[in-house]
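As structure tokens, the structure follows; a few thoughts come after it.
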Amino acid sequence: MSLVLTERAAEEVRRIVEQQKLEEGAFLRVGVTGGGCSGFSYSLGFDNTFDEKADSKASCHGVDVVVDKKSALYLDGTTVDFYDGIEKRGFTFENPNAVKSCGCGSSFQA
């Protein structure tokens, strides 16, 4: 899997895990779903169900990240970062496979 979670994003994921008191073994699941204003939307969530045939798992800065193999086609080479500024706050995606993105950055065309 060649999706990268930055150190800043990993810190935020660990903060959320601790704050929400998620159970041991929970990992970050990153994916792509149909929809959004540009065709595909990014999805982020916590999960503890891993399917060796359908998922890929990697560790980035101490955070386990899982991507299903269908989403991996669209996320290859993507960097997930966390931005915390005055004008916005949240996870960002730098996806080299996106040919067009919407203004909010949460959806894209491949």
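Rule-based calculations on the coordinates, nothing more; no lab input. All of these numbers come straight from a predicted model, not from anything done at the bench. Cβ placement follows ideal geometry from the backbone for every residue including glycine, while neighbour counts extend to all protein chains displayed.
One table, with the values for the structure above:
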quantity: Lys, Arg +1 and Asp, Glu -1 on Cβ, resulting dipole of segment 4-109 about Cα centre, debye, nearest 20; calculated: 320 debye
quantity: Rg [Å, one decimal], Dmax [Å, integer] - segment 4-109, C-alpha atoms; calculated: 13.7, 42
